[in-house]
Amino acid sequence: MKILFLDQSGKPGGAELCLIDIAKPIRDRCLVGLFADGDFRRLLEQEQIPVQVLTQQAIQVRKESGLTQGLASLGQLLPLIRNVVPIARNFDIIYANTQKALVVGAVASFLARRPLVYHLHDILSPEHFSTTNRRIAVTLANRAQLVIANSSASKQAFVAAGGREDIVEIVYNGFELNKYQIPQQESLVIRQELGLTDKFIIGHFSRLSPWKGQHILIAALAKVPEQACLILVGDALFGEQKYVQQLHTQVQELGLETRVKFLGFRHNIPQLMSACDLIAHTSTAAEPFGRVIVEAMLCGKPVVAAKAGGAMELVESGVNGFLTTPGNVEELAEVINLCIHQPEKTAMIAEHARYTASQRFDVAVINQQLARFLDKI
Ligand code: UDP
């Protein structure tokens, strides 16, 4: 079965990294069509996954856009649709991995007479998307043969927004387990390079964006002992420069300059996670899945996550990690303190998490599950 994947992003966010793991084992019978050029293309090429950038023109659909903007952006997509249709005829399935890819994929599916699959990586709630965008997404997704939801939370929001329940299957992200087994020596070198050898390192791995809640973690850091330091790994992928500035100002105002390091976007996530003592996920809105939570578990590191959306399907508080109320600085500071003062208990929780996560999220098993759903089409 030949698959044409479509993705709007040139940048590697969670949905794109997930797509790499899906496309890799079928690289001899797939093509990834992108609507923008960038680092994501380079990552696909590194994995020898066939990729083609389908347009040179930047496409803009803002999540908060209204009806007119939404329709205007549909107009922008027409040349892209014209490009995709003849390509799609050489494939058996069109697999849309993002919302704009869904728009293009749905029309191309109709014109090229090929079945459509939509991988839903978002929670279609008002917090994340405008009414127009939700309506467009649900209407088009309802025409698909199959919607893959990345969590039960994403599925529920889809159905609540009018999506057809009978076409949705939940498939969690899969991970290459061996990538997360980092020799201790390597982690020690990273700690030295960071100049934080004797510190309690808290890591946050995410694009810098207000709803990812880096500001909550910085506020919590000010409330815990000075030995705790923070590395913020990730960049503003979608132009949230104002937020980045706010974070720097917050760090200065709290006098945390020596305790917070902004590392920018990195490709060596397992290595950096392994150098941490605690990994924090602090999204203030419900997270559709939360790849970083599973990655932390696979590295055998304790993880604290914000109690909402997909994170609640991954973490059982006190058993394989910790959950705190989204946006609650006090609760977060309490968990950090607990992890500093009870390292043995925390290590046991982390070890349990490593074992269960490797059972649940092995990419080989997840890809088989996905293949079974695709085979039914
Ligand atoms: N990530 C990365 N480099 C960075 C920061 C994050 O490769 O500097 C990765 C991270 O390891 C994770 C993904 O980006 O695999 C983010 O996925 P997640 O589901 O946590 O959030 P999303 O970006 O999809 O909202």
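The values are calculated or read from the model by the stated rules, or taken from the named source; none is laboratory data. Since the structure is predicted, the reported quantities are computational estimates derived from the model, not experimental observations. Here the Cβ is made from the backbone with ideal geometry for all residues, glycine too, and neighbour counts use every protein chain on show. In case anyone asks, the SASA skips ligands and DNA or RNA and just uses the protein heavy atoms, side chains included. Shrake-Rupley method; radii C 1.70, N 1.55, O 1.52, S 1.80 Å.
For segment 245-259, the count of residues that are in contact with a helix residue (DSSP H, G or I) (Cβ under 8 Å, 6 or more places away or on another chain), within 16 Å of the ligand (Cβ to nearest atom) and closer than 30 Å to Gln156 by Cβ is zero. In segment 1-56, counting only strands (runs of 3 or more DSSP E) that sit wholly within it, the ones holding 1 or more residues that are open to solvent by less than 10 Å² (accessible area, probe 1.4 Å) and within 14 Å of the ligand (Cβ to nearest atom) span 3-7.
Residue count for segment 273-325, restricted to those that are small (Gly, Ala, Ser) and more than 11 Å from the ligand (Cβ to nearest atom): 10. Under the condition of being assigned to a loop (DSSP other than H, G, I, E, B) and within 17 Å of Ala101 (Cβ to Cβ), the residues counted in segment 129-162 number 6. Residues in segment 218-239 that are open to solvent by less than 30 Å² (accessible area, probe 1.4 Å) and away from the ligand (no atom under 16 Å from the Cβ): Ile218, Ala219, Ala220, Leu221, Val224, Ala228, Cys229.
For segment 165-195, the set of residues classified as open to solvent by less than 60 Å² (accessible area, probe 1.4 Å) and farther than 30 Å from Lys155 by Cα consists of Ile182, Ser187, Val189, Ile190, Arg191, Leu194, Gly195, listed by residue number.
Right, Lys179: among the basic types (Lys, Arg) and within 30 Å of Gln245 (Cβ to Cβ) or not? It is false that Lys179 is among the basic types (Lys, Arg) and within 30 Å of Gln245 (Cβ to Cβ). Taken over segment 176-217, the criterion of being within 11 Å of the ligand (Cβ to nearest atom) and in a loop (DSSP other than H, G, I, E, B) is satisfied by Ser206, Arg207, Leu208, Ser209. What do you reckon, is Gly203 closer than 24 Å to Val363 by Cβ and crowded, with 22+ Cβ neighbours inside 10 Å? Spelling it out, Gly203 is indeed closer than 24 Å to Val363 by Cβ and crowded, with 22+ Cβ neighbours inside 10 Å. Confirm whether Lys242 is in contact with a helix residue (DSSP H, G or I) (Cβ under 6 Å, 6 or more places away or on another chain), farther than 19 Å from Gly300 by Cα and either open to solvent by 10 Å² or more (accessible area, probe 1.4 Å) or more than 16 Å from the ligand (Cβ to nearest atom) (or both). Considered against the rule, which asks whether it is in contact with a helix residue (DSSP H, G or I) (Cβ under 6 Å, 6 or more places away or on another chain), farther than 19 Å from Gly300 by Cα and either open to solvent by 10 Å² or more (accessible area, probe 1.4 Å) or more than 16 Å from the ligand (Cβ to nearest atom) (or both), Lys242 comes out as no.
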